[in-house]
Amino acid sequence: MMAEGILTVNLPVKGKKWWKFTVCMLAGAFCGAGLGHTIGRYLKHSHKVSHVSASDIGALTLTAFYIGAAFLVLWFARDRMRLARVLEGKAAEVSASDEEVRSFRYQALVMAFAGILLAAPLLSVHLSSGSYVHRTLFVAGIVPLFAAQTFYNFRLWRISDEFVRSSMMATAAWTFAIGQGGLFLWSAAERMKLVKQASAWNLTVAMMLLYLLVGSVMSVRTARRE
């Protein structure tokens, strides 16, 4: 579930504006963390959820971030000149093309789906009766959402230019390299009973957080070179 939209976090930042981009990213991260923590505490103190882990809080934080970012990207895409200034800087004179508008809309969809998918397993426990049948139905509902997110991810890849594609590939490669190394070290420590066993849910949330962090760093580095 790669939310390529933001990990093209690659809302391109021109020239020396990279530091403003960094401040906005950090502010968004803190706001998302606060919202995720608040929702997590609510779920923890509800009658249907007995335990909310750090991974659950992380998933809810990512949900808030992705959905908020999806609205922001969609807002950019609603005005062609505004979108052109985002892509080319304030000196842009030609409005954004149909392909650029479509790309941003796909990014918004991909990020919205990613946020919903991360929140769904947690909210399903809270909204359902907790029975096996209800949990099975929730999982069955997640499958088409995941399929739709995957479809728009591929669509985004197909319509993106070479610069965006190379950025996506670099982000994925660095995430894989760092994640693989971290997973090996944790597994080794786990095998020697030095750390607790990590669940698939913990690893998934950690991977998504790492992917977002790597994508943000890649975007800032790209902006500083321009």
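Structure notes:
- Take the conditions (1) crowded, with 21+ Cβ neighbours inside 10 Å; (2) under 19 Å from the mean Cα position of the chain (by Cα); L74 misses just one of them, which is (1).
- With respect to the conditions (1) within 30 Å of R80 (Cα to Cα); (2) surrounded by fewer than 18 Cβ atoms within 10 Å (Cβ to Cβ); (3) hydroxyl-bearing (S, T, Y), T136 falls short on a single one, namely (1).
- Only a single item in (1) touching a Ser or Thr at 6+ places or on another chain (Cβ under 9 Å); (2) within 24 Å of S53 (Cα to Cα) is not met by S167, and it is number (2).
- Residues of segment 164-214 that turn out to be part of a loop (DSSP other than H, G, I, E, B) and surrounded by 13 or more Cβ atoms within 10 Å (Cβ to Cβ), as a count: 2
- Sole exception among (1) surrounded by fewer than 16 Cβ atoms within 10 Å (Cβ to Cβ); (2) touching a helix residue (DSSP H, G or I) at 6+ places or on another chain (Cβ under 7 Å) for D79, by number: (2)
- Residues located in segment 80-96, provided they are at pLDDT below 80 and in a loop (DSSP other than H, G, I, E, B): G89, K90, A91, A92, E93, V94, A96
Each row is one residue, and each column tells you yes or no for (1) at pLDDT below 80; (2) over 19 Å from S103 (Cα atoms).
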{"position": "G130", "(1), (2)": "yes, yes"}
{"position": "N153", "(1), (2)": "no, no"}
{"position": "R165", "(1), (2)": "no, no"}
{"position": "M169", "(1), (2)": "no, no"}
{"position": "Q180", "(1), (2)": "no, yes"}
{"position": "A189", "(1), (2)": "no, yes"}
{"position": "S199", "(1), (2)": "no, yes"}
{"position": "V205", "(1), (2)": "no, yes"}
{"position": "Y211", "(1), (2)": "no, yes"}
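- Only one entry in V143, V101 is within 25 Å of S216 (Cα to Cα), part of a helix (DSSP H, G or I) and of a type in the set (V, I, T), namely V101.
- When Y106 is tested against the conditions (1) out of contact with any Lys or Arg (no Cβ under 6 Å at 6 or more places or on another chain); (2) assigned to a helix (DSSP H, G or I), the lone failure is (1).
The values are calculated or read from the model by the stated rules, or taken from the named source; none is laboratory data. Since this is a predicted model, take the numbers as computed values, not measurements. FYI the Cβ positions are ideal-geometry reconstructions off the backbone, even for glycines, and counts take in every protein chain you see.
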